[in-house]
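Read the structure below first, then the notes.
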Amino acid sequence: MHDKGRSKEDIFNDLNKFHSMDMCYDSGKILGSMCTKPDPIAVEAYEMFLETNLGDSGLFKGTSMMEVDVINSLGNLLHLDNPYGHIVTGGTEANIMAMTVAKYLFEEEHTGVPELILPKSAHFSFKKVLSMLSIKPVFVPLNEEYKIDVSKLDDLITENTMAIVAIAGTTELGLIDDIKNISKIAYSNQVYLHVDAALGGFMIPFINMDREPKINFDFKCKGVSSMTIDPHKMGLAPVPAGGIIFRKKEYLEKLAVKTPYLTRDHQTTLVGTRTGASTAATWALINYYGKEGYKKIVDSVLDLTKYTYTILKDMKHVHVVHKPELNLLSFISDNMEVDVLQERLLEYGWRVSVSEYPHAIRLVLMPHIKKEHINQFIIDLKNILNE
Ligand SMILES: Cc1ncc(COP(=O)(O)O)c(C=O)c1O
């Protein structure tokens, strides 16, 4: 820190330099992120509530009411009449909260080492869960469609099974596990089931609006105990905005800690001080767009994903790994290693990511990606693969 303060002009000159080094979503070059440019309405709401602290929610009654309202809206979107939860920093925190609750519930009746059944398609936040909470992982195999092989699940359940995790929109491929049948198994074995719909939570309900049969992935499946749903992914909210929803009040209350010096006597979040701005932004978004507005956004990213898939599928030297279910696509090439291709694309300015299983180029088509970006991407990809 300098002894004396600097002028605002000087500071903003430096800030501009830092800012210019960052990539921006408007460039259309960020093809591997699950976040996107926050919606202007969300930014306005966020700024309005910058000084709020939901960690001391008695001071910020309005923001606190908004959080309840947002949780109710998200719960209802996921077919739960009386949801309990919070707006948190993201999917990682939401998953850690769910697994902490599952562990506390397990420990009420068991003394063994808790086991978590999860697929290897689970997000790496579960690696954090396993080490932080000292839980033993039990990996359920994936089927040939890269989804949980439901036929293997029953045999993996033991008296030490603490929970099952299933994914509605896998991080690497955007695929949706067979939650309906996984839920049946969890329910009949009385095992806690957490559905990580960090990405899919803000897409699948809108896909379901004109789809028959519907994709069953939420609390409609009675074995589902909790869900992650992130506004800062397809909800268009600024970072940080994750969501955790519990089926029962007593689940959330497992996290309650007394808070003697604050305006409320207990907290049920992992973090203490936390912004209410994320809640305000999410509240503004869900009221501004409603289901119809979100459906239009989801339809448009899915149309673009389909368009890209159709081109890639017929392209020389390219093999698409799977038919997209959400807005993710992945492919390999028969004449270039995945990592080399990723580097070559970077030389053209494209930030694509790489999936681990299977090892492939991974594209995420968020709302900041437009058709012209995809057309240019395809030209560059052809150049690279044919040069
Ligand atoms: C399925 C899933 N769960 C959890 C997370 C973690 O979310 P965050 O990075 O917001 O903590 C992600 C992130 O991409 C994800 O795709």
Next on the checklist: Exactly one condition in (1) in contact with a Lys or Arg (Cβ under 6 Å, 6 or more places away or on another chain); (2) within 21 Å of Ile229 (Cβ to Cβ) is false for Thr63; which is it?
Outcome noted: (1)
Next on the checklist: I'm trying to understand the selection: among the residues of the range 164-183, which are away from the ligand (no atom under 16 Å from the Cβ) and either of a type in the set (Lys, Arg) or open to solvent by less than 30 Å² (accessible area, probe 1.4 Å) (or both)?
Outcome noted: Lys180, Ser183
Checklist entry - Of Ser151, Ser125, which residue is surrounded by fewer than 15 Cβ atoms within 10 Å (Cβ to Cβ) and out of contact with any Lys or Arg (no Cβ under 7 Å at 6 or more places or on another chain)? => result Ser151
Checklist outcome for this item: By residue number, the members of the range 314-330 that are surrounded by 13 or more Cβ atoms within 10 Å (Cβ to Cβ), out of contact with any Phe, Trp or Tyr (no Cβ under 9 Å at 6 or more places or on another chain) and on the phi < 0 side of the Ramachandran plot are Glu325, Leu326, Asn327, Leu328, Ser330
Checklist entry - Assuming Arg264 fulfils every condition listed in (1) part of a loop (DSSP other than H, G, I, E, B); (2) open to solvent by less than 60 Å² (accessible area, probe 1.4 Å) apart from one, which condition is it? => result (2)
Checklist outcome for this item: Selection over the range 372-387 where residues are out of contact with any Phe, Trp or Tyr (no Cβ under 7 Å at 6 or more places or on another chain) and either of a type in the set (D, E, K, R) or part of a strand (DSSP E or B) (or both) yields a count of 3
Next on the checklist: Among the residues in the range 256-268, are any more than 28 Å from Thr92 (Cβ to Cβ) and touching a residue at least 40 places away in the same chain (Cβ under 8 Å)?
Outcome noted: no
Checklist entry - Going by the structure shown, is Met34 of a type outside the set (Asp, Glu), in contact (Cβ under 8 Å) with a residue 40 or more places away in the chain and assigned by TED's automatic domain parsing to the domain that holds Ile378? => result yes
Item to check | Residue list for the range 192-239, restricted to those being under 30 Å from Glu115 (Cα atoms) and either surrounded by fewer than 20 Cβ atoms within 10 Å (Cβ to Cβ) or among the basic types (Lys, Arg) (or both) | outcome: Ile215, Asn216, Lys220, Lys222, Lys233
Checklist entry - Mind checking which residues of the range 31-64 are in a loop (DSSP other than H, G, I, E, B) and open to solvent by 40 Å² or more (accessible area, probe 1.4 Å)? => result Lys37, Pro38, Phe49, Leu50, Glu51, Phe60
Item to check | Ser188 being surrounded by fewer than 23 Cβ atoms within 10 Å (Cβ to Cβ) and either away from the ligand (no atom under 15 Å from the Cβ) or within 20 Å of Leu302 (Cα to Cα) (or both) | outcome: yes
Next on the checklist: Quick check on my filter: what residues within the range 220-255 are within 16 Å of the ligand (Cβ to nearest atom) and without any contact (Cβ under 8 Å) to a residue 60 or more places away in the chain?
Outcome noted: Val224, Gly235
Item to check | Single condition Ala122 does not satisfy, out of (1) more than 16 Å from the ligand (Cβ to nearest atom); (2) touching a helix residue (DSSP H, G or I) at 6+ places or on another chain (Cβ under 9 Å) | outcome: (1)
Checklist entry - For the range 325-344, which residues satisfy the criterion of being in contact (Cβ under 8 Å) with a residue 24 or more places away in the chain, in contact with a strand residue (DSSP E or B) (Cβ under 8 Å, 6 or more places away or on another chain) and not acidic (Asp, Glu)? => result Leu326, Asn327, Leu328, Leu329, Ser330, Phe331, Ile332, Ser333, Leu341
Next on the checklist: Can you tell me which condition Leu363 does not meet? The list is (1) in contact (Cβ under 8 Å) with a residue 40 or more places away in the chain; (2) open to solvent by 50 Å² or more (accessible area, probe 1.4 Å); (3) within 25 Å of the chain's Cα centre (by Cα), and all the others hold.
Outcome noted: (2)
Checklist entry - Do we have any residue at all in the range 97-114 that's modelled with pLDDT of 95 or more, in contact with a strand residue (DSSP E or B) (Cβ under 9 Å, 6 or more places away or on another chain), closer than 30 Å to Arg362 by Cα and more than 16 Å from the ligand (Cβ to nearest atom)? => result no
Checklist entry - Is it true that some residue in the range 151-163 is at pLDDT 95 or above and either under 30 Å from Ile297 (Cβ atoms) or within 16 Å of the ligand (Cβ to nearest atom) (or both)? => result yes
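The values are calculated or read from the model by the stated rules, or taken from the named source; none is laboratory data. Worth saying up front: this structure is predicted, and the values here are computed from it rather than measured. As a convention, Cβ positions derive from the backbone with ideal geometry for all residues, glycine included, and neighbour counts pool all protein chains shown. Side chains are part of the model used for accessible areas, which takes the heavy atoms of the whole protein and leaves out ligands, DNA and RNA. Shrake-Rupley method; radii C 1.70, N 1.55, O 1.52, S 1.80 Å.
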